[in-house]
Amino acid sequence: MVDEQLVLNVGRNLRKLREELNLSLRQLGEKVGVSASTIQKIEHNHISPTLETILKIARGLGKDLQFFLDPEPEHTTVVFFPQAQRRRIDPPDVRFSIELLTEGLSDQQFSALLLSIPPGGTRGHLRHQGEELQHCLCGTVALTIQGKQYLMRAGDTVHFKSDRMHKWVNVGNVDAQLLLVCSPPLHIGRGAVDR
């Protein structure tokens, strides 16, 4: 039996997307190959769409199936993360780890990360839109931006336009920690930093 909440999610998410795209029922129907009357019934939860119909609509709109099944996200204005609950990522083939300090806020405008870098750990040749602030909490990190090097020790901060080629390396003999704040927010996957 189909979960009633899933059906409600599909109808609500389909209608919201159609309105965002400024499409009439007829226009959407022509675009995805499903009749306008069927789309209207799905949006108003008068029918339970078949998996084939949902997949047809998803493909026609360039969305994955999960988009239509997920509940509407809650509007979140405060997120509290005890240290033990922060998500930690150890990207493959690199020598540093990432703790996410910002996740889950509605319309998030920046992201903050805590990088733990062993001696010799490095990340290089980065470039992305926006601004970035790097604050050294401990250790010694050489940050290079457009060929110019800044030697950062505990308490030092560098704020820069992040569309400039930049890289960093822990040049000290002990672990270093960097606090990174980026705007717009970075999209962090389970295994790497997506810029």
Taking placed amide H atoms and a strict 5 Å upper bound, the residues 5 or more places from Gly130 or on another chain that come that close are Ser162, Asp163
Once a ≥ b ≥ c are taken as the square roots of the eigenvalues of the Cα gyration tensor of segment 4-69, is the result rounded (a/c under 1.5), prolate (a/b larger than b/c) or oblate (a/b not larger than b/c)? rounded
When the C-alpha atoms of the chain are aligned to their principal axes, what extent does each axis show, in angstrom, from largest down? 67, 35, 31
Mind checking the full-extension length gain between Glu20 and Leu133? Use 0.36 nm per residue of separation minus the Cα-Cα distance, one decimal, nm. 37.3 nm
Say R0 is 30 Å: what FRET efficiency, to the nearest 0.05, do Gln27 and Gln108 get from their beta-carbon distance? 0.40
Once the piece of chain linking Glu52 and Gln149 is laid out straight, how much longer is it, given 0.36 nm per residue of separation minus the C-alpha distance between them? 29.3 nm
Can you tell me the FRET efficiency between Ser37 and Leu65 if r is taken as the Cβ-Cβ distance and R0 is 30 Å, rounded to the nearest 0.05? 0.85
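State, as an integer percentage, the relative contact order of the chain based on alpha-carbon contacts under 8 Å between residues 6 or more apart.
The normalised contact order for the chain reaches 18 percent.
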Cα-based Lys pair tally, the chain, threshold under 27 Å, eight or more apart or on separate chains: 11
Obtain the nm distance between the two label points defined at Asp156 and Val78 by a simple spin-label model: each point lies 7 Å from its Cα along the Cα-to-C-beta direction. 3.8
Counting all C-alpha pairs of segment 143-183, share separated by more than 12 Å (%): 63
Compute the long axis of helix 4-20 from its Cα atoms, compare it with the longest principal axis of the Cα atoms of the chain, and write down the angle in degrees, 0 to 90, nearest 10. 80
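Each value in this text was obtained by applying a stated rule to the coordinates, not by laboratory testing. Worth saying up front: this structure is predicted, and the values here are computed from it rather than measured. Because the Cβ atoms are built from the backbone with ideal geometry, glycine has one as well, and the counts that use them run over all protein chains shown.
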